[in-house]
1. How far, in degrees from 0 to 90, does helix 39-54 lean away from the longest principal axis of the Cα atoms of the chain, to the nearest 10?
2. Tell me the mean residue ellipticity at 222 nm calculated for the chain from its helices only (DSSP H runs of n ≥ 4, each -39500 (n - 2.57), averaged over every residue, nearest 500).
3. Under the Kirkwood approximation applied to all pairs of distinct alpha-carbon atoms, what is the hydrodynamic radius of the chain in Å?
4. Listing Met1, Met152, Met42, Met96 from the residue with the fewest other Cβ atoms within 10 Å to the one with the most, what is the order?
5. Which order, highest average first, do 134-140, 170-176, 100-106 follow once you tally other Cβ atoms within 10 Å for each residue and take the mean per peptide?
6. Mind pulling the angle between the C-alpha long axis of helix 94-116 and the longest principal axis of the chain? Nearest 10 degrees, somewhere in 0 to 90.
7. For region 90-158, what number results from the quotient of the Cα radius of gyration and 2.2 N^0.38 Å?
8. Hey, in the GNM for the chain with a 10 angstrom Cα cutoff, which one of His56, His111, His187 fluctuates hardest?
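Nothing in this text is a laboratory measurement; each read-out follows from the coordinates by a stated rule. For clarity, every value in this text was computed on a predicted model and none was experimentally measured. Heads up, the Cβs are rebuilt from the backbone with ideal geometry, glycines too, and the neighbour counts pull from every protein chain shown.
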Amino acid sequence: MIKGFIVGLAVANAFEWVAHKYILHGTHRPGQPRYSPVPRSMKSHWEHHREVRKQHFADDGYVQGFSNWRTRNEVGSLAVVAVAATVVFYPVSKGMVAAAWYSAFNYYSIHRRAHLEPDWAKRKIPWHYDHQMNANQDANWCVTKPWFDYVMGTRVVSSDQLQEDNPLGIALPAAVAQALTQWVNQHFPAKYVEQKSKVIETEMHPERKIQTLAGE
Ligand SMILES: [Zn+2]
Ligand SMILES: [Zn+2]
């Protein structure tokens, strides 16, 4: 059960990455609107981006709750995904089913709180703050934890203040966090947005210059 649950958490994180990129943002098509298999969810999500950028990361849709169509769309979509995951995973692993429901509730609760309390979001899920407030909104696809952004090379950090303590995005003892960060930096390095104060940045973190160049 516990193994299935852990695998389920990883699958749910990968799904966050894929769904955010291909369903919520849609695929760019030259001369045509973006393509999404669920256009209503894509519309809702782009409205969310516009709202958030106007309001320093806050989204009143979460204050309004279910009277707001975007909140209903998000909760409804998560329920559909959780039910579909139950149908697919039930014969394989009850732990994966539990992980799917946990992940759906966790996604909504974290995403909602992030846009009600932007300062909390900056500290707890800086990757999502980067996703919506950075010049590049086509990166940092994960919301609850940044795992698959590291795996896929799409974690783009905009500043030292918006960098998680370690790539798991959970509280770890300092020594473990440091060892993990070092290992991930070697194998799945995050990228860094070019800073105006590039010289200072490189002097402080010479290894980042190499990573930034490697990502170009
Ligand atoms: Zn987005
Ligand atoms: Zn958001």
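1. So the helix axis and the longest Cα principal axis differ by about 50 degrees.
2. Working: 11 runs with 133 residues, N = 216.
My calculation for the chain gives -19000 deg cm²/dmol from helical runs alone.
3. Numbers: mean 1/r = 0.0543 Å⁻¹.
One decimal place: 18.4 Å for the Kirkwood radius.
4. Details: Met1 10, Met152 16, Met42 20, Met96 24.
In order of increasing Cβ crowding within 10 Å: Met1, Met152, Met42, Met96.
5. Working: 134-140: 15.9, 170-176: 9.9, 100-106: 18.3.
So the order, starting with the most tightly packed, is 100-106, 134-140, 170-176.
6. Orientation of helix 94-116: about 70 degrees from the principal axis.
7. On the way: Rg = 13.8 Å, N = 69, 2.2 N^0.38 = 11.0 Å.
Relative to the rule-of-thumb radius for its length, region 90-158 sits at 1.25.
8. In this elastic network of the chain, the residue with the biggest mean-square fluctuation among His56, His111, His187 is His187.
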